[in-house]
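The values are calculated or read from the model by the stated rules, or taken from the named source; none is laboratory data. This is a predicted model, so every value here is computed, not measured. Quick reminder, even Gly has a Cβ in these numbers, built from the backbone with ideal geometry, and neighbours come from all protein chains shown.
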Amino acid sequence: MTTLRRSMRVLLIAVLVFAIGLPATANAQGEQTNASTIRVVATGLNAPRGVVYDQRRNRVLVAEAGVLAGDTGPCGFAERGLPFCLGLTGSVFEYSERSAQGRRIVTGLPSAGIQNGLSVVIGLHDLAITGDKLTAVFGLLGTKAYRDSLGPDAATMGQVVTINHAGKVVPRGDVTAFEDQYFPGHIESDPYGIQTGPYGTVVANAGGPDSRGNDLLLVRPNGAISELAQFPARQPAADPTDTIESVPTTVMQGPDGAFYVGELTGAPWYTGEARVYRVVPGQPATIYAQGFTNIIDLTFDPQGRLVVLQTSTNNPFDVTRDGALVRVERDGSHTTLASAGLRNPGGVAVAGPSSFYVTLGTATSGGTGELALVQLTS
């Protein structure tokens with residue numbers, strides 16, 4: 001994300017079960033709501049972000065950014081002079097549907113933390129599976145010079161990587177180095193969401209400011225990087241005298257082959273200002289859906305309908321507030337699938353015709369995150 005920019009976002013796994021019913025009715029804005037239950041299946045997660053469902057193995061994989069590193073590692077100054085210290089606390093968490101148990105299958109991944117009123121962790125942001133291949137992306141919130149100041153253990157931050165069965169991390173595309181060259185003088189890159197395919201890896205880069213870094217990139221299989229689209233700053237409808245950044249956080253390839261990109265938008269995160277863009281390589285990005293607040297992830301359901309995950313309303317760093325899982329209908333209207341109980345969500349993956357896995361507590365500093373199963377009941 002990159003508004004994990006302005007002061008930024010910022011071991012035992014117990015099974016906890018509870019359910020929250022939502023009425024099938026219309027909310028105050030006239031949007032429809034759908035009845036659903038939320039069941040937490042794993043707790044104790046460390047700043048959980050992106051999530052993928054591996055149907056072939058009946059498992060869920062979660063990107064854990066990590067915990068606050070304190071002064072245990074090298075420190076440096078990220079965007080706007082924010083002081084971050086390196087830790088090796090990132091991980092990949094696996095939840096097995098067969099055993100209903102969870103474990104960390106990869107540990108010791110680089111992360112960086114800050115505590116300045118907000119406890120913020122930057123690290124592993126998203127995962128993707130293609131066959132047996134696990135692709136991942138690390139955030140950074142800075143330039144290559146900042147990354148270098150954190151020492152050699154931080155080398156894969158700001159990069160697209162692959163992770164093998166033994167947990168070995170192999171760099172595949174240096175987003176930060178590309179942004180340094182493509183936008184001389186820029187202040188940060190923060191690759192956040194990814195989508196993989198035979199074309200390589202498409203990256204939603206929550207960089208900035210303005211259009212310099214708030215873009216969609218393609219990392220080809222050979223490591224070459226090119227820009228697919230930019231998402232410039234704009235004036236919000238609620239205050240035309242103000243300017244907000246796009247801050248793209250997520251990308252998903254739709255049934256039509258186009259790429260759909262969701263944005264967080266920059267502070268102060270105006271209600272209803274976030275959009276979903278449709279990107280066809282070689283063409284300008286177009287607005288596909290709008291009227292959201294703080295989009296953190298998106299996916300498509302088995303019927304091909306767009307499903308948008310909004311994190312904490314009005315402040316993505318408020319770990320006490322609920323977000324919302326919203327479906328975009330064929331006519332463009334919105335249906336809220338779940339909200340109450342979706343505490344500060346960070347990632348969503350489709351698990352079936354009426355089931356979604358969602359990570360909770362994405363802006364926590366570690367240890368209080370959760371993985372939940374949302375099931376539609378009407």
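Miscellaneous remarks
- Count of residues meeting criterion [at pLDDT 95 or above and of a type in the set (D, E, K, R)] in the range 73-101: 3
- Check on LEU140, under 21 Å from GLY208 (Cα atoms) and either out of contact with any Phe, Trp or Tyr (no Cβ under 7 Å at 6 or more places or on another chain) or outside any strand (DSSP E or B) (or both): yes
- Members of the range 314-345 found to be part of a loop (DSSP other than H, G, I, E, B), of a type outside the set (Gly, Ala, Ser) and under 19 Å from SER365 (Cα atoms), listed by number: ASN315, PRO316, PHE317, ASP318, VAL319, THR320, ARG321, LEU342, ASN344
- Those residues of the range 325-350 which are of a type in the set (A, V, I, L, M, F, W, C) and within 17 Å of GLN253 (Cα to Cα), in sequence order: VAL328, VAL348, ALA349, VAL350
- Residues of the range 75-133 that are more than 17 Å from the chain's Cα centre (by Cα), charged (D, E, K, R) and in a strand (DSSP E or B): GLU94, ARG103, ARG104, LYS133.
- Meeting the requirement of 3 or more residues that are of a type in the set (Val, Ile, Thr), the strands (runs of 3 or more DSSP E) wholly within the range 180-290 are 200-206, 248-253.
- Options THR335, THR364; residue that is closer than 16 Å to VAL67 by Cα and either out of contact with any His (no Cβ under 7 Å at 6 or more places or on another chain) or not hydroxyl-bearing (Ser, Thr, Tyr) (or both): THR364
- Any hit, the range 296-307, residues being crowded, with 19+ Cβ neighbours inside 10 Å and among the acidic types (Asp, Glu): yes
- Scanning the range 22-63 for residues that are at pLDDT 95 or above, surrounded by fewer than 18 Cβ atoms within 10 Å (Cβ to Cβ) and under 19 Å from ILE295 (Cβ atoms) turns up nothing.
- Some residue of the range 123-133 being in contact with a His (Cβ under 7 Å, 6 or more places away or on another chain) and not β-branched (Val, Ile, Thr): no
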